[in-house]
Structure formats: C-alpha cells, structure tokens
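Following: one structure in structure tokens, then a few remarks.
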Amino acid sequence: MNKLGLGYEEARKINPKLVYGSITGYGTSGPWKDKPGQDLLVQSLSGLPWLNGNADQPPVPFALAVADMLTGAHLTQGILACLIRRGRTGEGGLVEVSLLESVLDFQFEVLTTYLNDGGQAPSRSAFNNAHAYLGAPYGIYETADGYLALAMGSVVRLGELLECAELAAYADPKTWFEKRDEIKQILIRHLKRQPTEHWLARLEPADYWCASVLDWPSLLKHEGFQALEMLQDVTRPEAPAVRTTRCPIRVDGERLTSLTGAPRVGEHNAAIEREFGL
C-alpha cells in the first residue's frame, strides 16, 4: 500500500478519522520483518509444532492455516475497538497485527506456564499426546470400533468407571503427570476391548469428561451438528453454488448468513476507482 501511495500516513491526510488496518508477517521492525509471511513458516518460528505429536515424533505443524485465521480475527477485533474509540472521540487510528504475534498469543497458556514455572520446557507424552503440560488421561484412545477422547479427570475414578483395576495404583495425583505414559499405556490396552459407545455409556452418566471422535461424515449426520444449522449455499455470477459454513456469530438470536460469495479478484476495482477518482 505504501508503494501505491495509499499507506496510513498518506491516507489519513485525506481523512483523519480513517480507521486503517495492517497485517504483516513479523511486525514492522527487527531482523525478521522482511521474511515471507507464510503460515507454516510462522508456526515453525513460534515453537507451536513442538506441542503437537508424540514425544518420539519430529515437530508437527497444525494442519490448518491457524496463523492466518487467528490474525484475521485479531485484526477484526482491533478495527472494531478503534471504531468504538472513533465513535466516542472522533479520532481515527492505525490497527496493526502480525502473524507471529497472533500465533504467540494463541500459545499464551503454555507460554505463561513456561515463563512462570522455572523455564520447564513443554514435554510431549510418548503415547496419545494431546497437551504438553497435562497429565493422564488427557488424550485420544482407540476403542474396538473407533476412538474416544478423555479430558482432565481423576485417574482413580476413571479406573472405577471403566472397571480397570490397574488404575487404582495411581492414587497420588502427582503421578498422573509423572507417570502419564505408564497410565496411558494401561488405558490403550483396556479401551480397545469395547466399542466407543460402551465406554461413553459408563462415563457420561458419571459426568466424566469424554467424547467420541467423529470424522466429517459422522459429524454432518449427527443431530447435534444439524441443530446448529451451520451450513449455507453461496453463489457468484456465472459460477456454481458452493456449500460452505456460515458465520459462527449470532446477534439477538439470529444466525448470520449470506448468499453472496467472496468477490473475484478485481471485481469491484472499477466502482472503487470511480468513487475515489483514481
């Protein structure tokens, strides 16, 4: 935008009340400011891949463009905040976010633990890792016909509900982290004996935090998903309709949907040029 003569300093001369948003890869200063702002590269520099996968695996990146998505959300939040300020004071402003800062914020929980726990580096489980700083049973386990997710909870109580007597030996909560791989190996063997629904029928009535692990075909057929009315069709001129997700935000109980698809590159250039006399 600066090369086009439409950077913030030039644009605010035209309209001092302008709220202007900017995204960079790594901020506007420092040795990384000119590096390619690409999602995988940002994830890698941030340390995020060392939280995924098991202990014997190399760093595993997220299989989603999380840096891009989070940064877009942060930019939106900043612009909205600046608009509120402008509504109160009449003052515009420059909102700046970067991919790296957004991914670092994404890791605030584990980074805060590291910074306040004597620099204890994250340590991935050797088996069924799902969180570098949480003990057993936290993870996803194979069952006789699928997979079962177990969140935080008492290992002893879990043993009672699953009728797994071996878990009674871990009465001290400290062992749930210190011996998490040992505990997880017991669960791996035990949970394979019955189908997922068998275990859910034992755990859910006792309010033990668990869930089945759905693939997309199973998710889309489930009444829990269908109740959300999460899908919509969008169209563009001279193009087939696309089935996709709707906005996840509701306002006054109303779901926000739109039939209009994203514009083509340059689709509105002529209108913008006419409006601003470019």
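The values are calculated or read from the model by the stated rules, or taken from the named source; none is laboratory data. Keep in mind that what you see is a predicted model, and the values were worked out from it rather than measured. Note that we place each Cβ from the backbone using ideal geometry, even for glycine, and neighbour counts take in every protein chain shown.
Inspect all residues belonging to the range 101-109 and state whether any of them is under 30 Å from V42 (Cα atoms), in the same structural domain as D68 (by TED's automatic domain parsing) and loosely packed, with under 13 Cβ neighbours inside 10 Å. Looking for residues that are under 30 Å from V42 (Cα atoms), in the same structural domain as D68 (by TED's automatic domain parsing) and loosely packed, with under 13 Cβ neighbours inside 10 Å, one finds at least one in the range 101-109, hence yes.
Residue check: H198 meets all listed conditions (1) assigned by TED's automatic domain parsing to the domain that holds E166; (2) surrounded by 13 or more Cβ atoms within 10 Å (Cβ to Cβ); (3) more than 11 Å from L148 (Cβ to Cβ); (4) not β-branched (V, I, T) but one, namely (3). Evaluation of D39 against the conditions (1) charged (D, E, K, R); (2) in contact (Cβ under 8 Å) with a residue 40 or more places away in the chain; (3) not assigned by TED's automatic domain parsing to the domain that holds H74 shows that the sole unmet condition is (3). Among the residues of the range 99-136, those identified as closer than 30 Å to K33 by Cα and more than 17 Å from the chain's Cα centre (by Cα) are T112, T113, Y114, L115, N116, G119, Q120, A121, P122.
One residue stands out in the range 137-149 among those that are part of a strand (DSSP E or B) and within 14 Å of Q185 (Cβ to Cβ): the one that is nearest to the chain's Cα centre (by Cα), namely G139. When you scan the range 126-136, do you find a residue that is in a strand (DSSP E or B) and crowded, with 16+ Cβ neighbours inside 10 Å, even just one? No: the range 126-136 contains no residue that is in a strand (DSSP E or B) and crowded, with 16+ Cβ neighbours inside 10 Å. If you go through the range 183-223 and keep only what is touching a helix residue (DSSP H, G or I) at 6+ places or on another chain (Cβ under 7 Å), under 27 Å from A126 (Cβ atoms) and not small (G, A, S), you end up with I183, I186, H190, L191, W199, R202, L203, Y208, C210.
A residue that is more than 25 Å from I140 (Cα to Cα), at pLDDT 95 or above, in a strand (DSSP E or B) and not charged (D, E, K, R) can be found somewhere in the range 96-105.
Against the numbered list (1) modelled with pLDDT under 90; (2) in contact with a Ser or Thr (Cβ under 6 Å, 6 or more places away or on another chain), P263 comes up short only at (2).
Each row is one residue, and each column tells you yes or no for (1) over 20 Å from D145 (Cβ atoms); (2) in contact with a Phe, Trp or Tyr (Cβ under 7 Å, 6 or more places away or on another chain); (3) in contact (Cβ under 8 Å) with a residue 12 or more places away in the chain.
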residue	(1), (2), (3)
L219	no, yes, no
L228	yes, no, no
L231	yes, no, yes
T244	yes, no, yes
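Among the residues of the range 168-195 satisfying the criterion of being over 17 Å from N128 (Cα atoms) and hydrophobic (A, V, I, L, M, F, W, C), which is surrounded by the most Cβ atoms within 10 Å (Cβ to Cβ)? The residue in question is A169. For L191, are the conditions met, namely being within 30 Å of G159 (Cβ to Cβ), out of contact with any strand residue (DSSP E or B) (no Cβ under 6 Å at 6 or more places or on another chain) and in the same structural domain as E163 (by TED's automatic domain parsing)? It is false that L191 is within 30 Å of G159 (Cβ to Cβ), out of contact with any strand residue (DSSP E or B) (no Cβ under 6 Å at 6 or more places or on another chain) and in the same structural domain as E163 (by TED's automatic domain parsing).
Of all residues being among the aromatic types (F, W, Y) and assigned to a loop (DSSP other than H, G, I, E, B) in the range 1-58, which is surrounded by the fewest Cβ atoms within 10 Å (Cβ to Cβ)? Just the residue, please. Steps first, answer last, please.
Filtering the range 1-58 for residues among the aromatic types (F, W, Y) gives 8, 20, 26, 32, 50.
Filter once more, keeping what is assigned to a loop (DSSP other than H, G, I, E, B): 26, 32.
Values: Y26: 20, W32: 16.
For the range 1-58, the residue satisfying everything is W32.
Of the residues making up the range 256-278, those that are in contact with a Lys or Arg (Cβ under 8 Å, 6 or more places away or on another chain) and farther than 12 Å from V234 by Cβ are L256, R264. Restricted to the range 154-205, the set of helices (runs of 4 or more DSSP H) holding at least 2 residues that are under 22 Å from A55 (Cα atoms) and hydrophobic (A, V, I, L, M, F, W, C) comprises 175-178, 180-191.
The criterion of at least 1 residues that are surrounded by 10 or more Cβ atoms within 10 Å (Cβ to Cβ) and among the aromatic types (F, W, Y) is met, among helices (runs of 4 or more DSSP H) falling completely within the range 206-278, by 223-226. Residues that are in a loop (DSSP other than H, G, I, E, B) and either among the hydrophobic types (A, V, I, L, M, F, W, C) or surrounded by 12 or more Cβ atoms within 10 Å (Cβ to Cβ) (or both) are absent from the range 69-89.
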